[in-house]
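This report concerns only the one structure given below.
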Amino acid sequence: MDKVKIDITILAPVEKVWDYFNTPKYITKWNFAHESWYCPKSENDLKVGGKFNNRMEAKDGSFGFDFIGIYDEVIPNERIKYHIEDGREVEVIFEKIDENTTKVTEIFDPEKQNSVEMQREGWYAILNNFHKYVENN
């Protein structure tokens, strides 16, 4: 399957965008695709070989899962590459447009259970939550 690519432009310096993307106390504020979900816990060891674990749960308690990955590349304020438990790869690029504008691009391997369009929409919804959180805090 072809990789899926999404991006968003955020009106904030790249250092802030990087910090909010990678710091657990911020991750729990934005890391969900729909308001009926939340991210009650995040752990992040941001280094090559380090692991992250973001707990995702439905607010009604009906379902939850751990989104776990291992970092393959970390270049501060520029790029992160990681793979998740099923082997799929993800790349996140932080592109400084100017002092107060950053473009974030995510490129990921889709899974086979759901349509590519559904996955694109879900990942984009999370990225858009991130965008709103960064710009409003």
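Taking segment 111-137 as the range and being closer than 17 Å to TRP30 by Cβ, among the basic types (Lys, Arg) and outside any helix (DSSP H, G or I) as the test, no residue passes. For segment 88-102, what are the residues that are assigned to a strand (DSSP E or B) and over 14 Å from the mean Cα position of the chain (by Cα)? Passing the criteria: GLU95, LYS96, ILE97, ASP98, THR101, THR102. Checked against (1) assigned to a strand (DSSP E or B); (2) at pLDDT below 95, HIS34 passes all but a single condition, namely (1). Against the list (1) in contact (Cβ under 8 Å) with a residue 12 or more places away in the chain; (2) under 18 Å from LEU127 (Cβ atoms); (3) part of a strand (DSSP E or B), the condition LYS81 fails is (1). Filtered by the rule that a residue be under 18 Å from ALA125 (Cβ atoms) and open to solvent by less than 40 Å² (accessible area, probe 1.4 Å), segment 46-67 gives ASN54, MET56, ALA58, GLY64.
Counting the residues of segment 9-45 that are surrounded by fewer than 16 Cβ atoms within 10 Å (Cβ to Cβ) and hydrophobic (A, V, I, L, M, F, W, C) gives 1.
The values are calculated or read from the model by the stated rules, or taken from the named source; none is laboratory data. The structure displayed is predicted, hence computed values, not measured ones. Every residue, glycine among them, receives a Cβ derived from its backbone with ideal geometry; neighbour counts consider all protein chains shown. Ligands, DNA and RNA are excluded from the accessible area calculation, which covers all protein heavy atoms including side chains. Shrake-Rupley method; radii C 1.70, N 1.55, O 1.52, S 1.80 Å.
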